[in-house]
Amino acid sequence: MRTSLFWILLSFFAAHITANDKPHILYINADDLGVMDVGYNNSKFRTPNINQLAKDGMIFTEGYAPSANCAPSRACVHSGQWSARHGVYTVGTSERGSAQSRKIIPTENTLFIPQEIVTMAEALKAGGYKTIHLGKYHLDQDPLAQGFDINIGGDKNGSPAGGGFFSPWTQPVMKKWSDQYPKNTHRMTVYADQAVKFIAENNSQPMFIHFSPYSVHTPIQAVSKYIPNYKGVDINANYASMVENFDAGVGQVLKALDDNGLRENTLVVLS
């Protein structure tokens, strides 16, 4: 059975560093991004920054997700445990379809990681890391209760609630950003900007950055400036524009690492 790839990589680094040489960690969580929706696997998609990550690093072709949907996969990654241990098997309830025609007994499901489980953010914080969550959390109501020092936009919601991807947002954890950014600002702009700020202000100590900008989860909402790139291409241009926008946000955060001279001492994982 495969253990979470992220925990394997953390263990590898822990075995090769001293207490005074802890790497920064940037974990980029792409939500619902298909394996064929990146440029290095399908040239119809424009993902130059992700392509460069693949070229410079390693591609794990058997690094499978713990589950076929988001909540249990996130729970496994953040806890280092399989669903049988943490109890998150699906999103919401497993009682799908008609009860009269159902052929299996629904598995009892837990919505969020139990508080007694130590998350990777809690473990890293205890090890001296400054931690920030940006975007989708979906593991509990408040990331600050599970090891994060800073929370930008994360709560229990599995999709971009309270306005979708574009401002203004009514979601409580995003509402203040509606007041600070112009109308029709994309969430990615907020998350990438705040990640860049965090990197500039906190790089004197080891950092854990959980960059999870909801993209490319539904709703499919086109990013208009990228739509012309897919004219005449046999592809869903609205979706492709979301993928390209996600790649641009990734590029912005990677550039911040470069600008601060941190790339060589940063573990970057995209999954």
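General remarks:
Per-residue answers, yes or no, for (1) in contact with a Gly (Cβ under 8 Å, 6 or more places away or on another chain); (2) over 22 Å from Tyr191 (Cβ atoms):
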site: Gly34; (1), (2): no, no
site: Asp37; (1), (2): no, no
site: Tyr40; (1), (2): no, yes
site: Cys70; (1), (2): yes, no
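- Against the test of being at pLDDT 95 or above, hydrophobic (A, V, I, L, M, F, W, C), surrounded by 17 or more Cβ atoms within 10 Å (Cβ to Cβ) and under 17 Å from Ala195 (Cα atoms), the options Trp169, Trp177 yield a single qualifying residue, Trp177.
- Figure legend. Inter-residue proximity from the stretch 114-131: first residues modelled with pLDDT of 95 or more, second residues assigned to a loop (DSSP other than H, G, I, E, B) and among the hydrophobic types (A, V, I, L, M, F, W, C), beta-carbon distance below 8 Å, spacing 6+ or different chains. Indicated pairs: Thr119/Ile113; Thr119/Leu139; Ala121/Phe148; Lys125/Phe148; Thr131/Phe148.
- Only listed residue being over 24 Å from Ser215 (Cβ atoms), surrounded by 13 or more Cβ atoms within 10 Å (Cβ to Cβ) and more than 15 Å from the chain's Cα centre (by Cα), chosen from Ile105, Ile117: Ile117
- Residue match in the stretch 241-253 (condition: out of contact with any helix residue (DSSP H, G or I) (no Cβ under 6 Å at 6 or more places or on another chain), in contact (Cβ under 8 Å) with a residue 12 or more places away in the chain, in a loop (DSSP other than H, G, I, E, B) and surrounded by 15 or more Cβ atoms within 10 Å (Cβ to Cβ)): no
- In the stretch 37-54, the residues that are within 18 Å of Asp258 (Cβ to Cβ) reach residues that are hydroxyl-bearing (Ser, Thr, Tyr) with C-beta atoms within less than 6 angstrom, at least six apart or across chains, in these pairs: Asn51/Tyr40; Ala54/Tyr40.
- Residue in the stretch 43-63 that is at pLDDT below 95, of a type in the set (Gly, Ala, Ser), out of contact with any Asp or Glu (no Cβ under 7 Å at 6 or more places or on another chain) and surrounded by 13 or more Cβ atoms within 10 Å (Cβ to Cβ) present: yes
- Checked against (1) over 20 Å from Ala192 (Cα atoms); (2) part of a loop (DSSP other than H, G, I, E, B), Ala145 passes all but a single condition, namely (2).
- Selection of the stretch 54-75 for residues being assigned to a loop (DSSP other than H, G, I, E, B), under 19 Å from Asn42 (Cα atoms) and among the aliphatic types (A, V, I, L, M) yields Met58, Ile59.
- Within the stretch 210-226, if we keep just the residues that are of a type in the set (Ser, Thr, Tyr) and touching a Ser or Thr at 6+ places or on another chain (Cβ under 9 Å), the residue that is surrounded by the most Cβ atoms within 10 Å (Cβ to Cβ) turns out to be Tyr214.
The values are calculated or read from the model by the stated rules, or taken from the named source; none is laboratory data. Predicted model only: the values in this text are computed from it and were never measured. Counting neighbours? That spans all protein chains shown, and the Cβs are built from the backbone with ideal geometry, glycine included.
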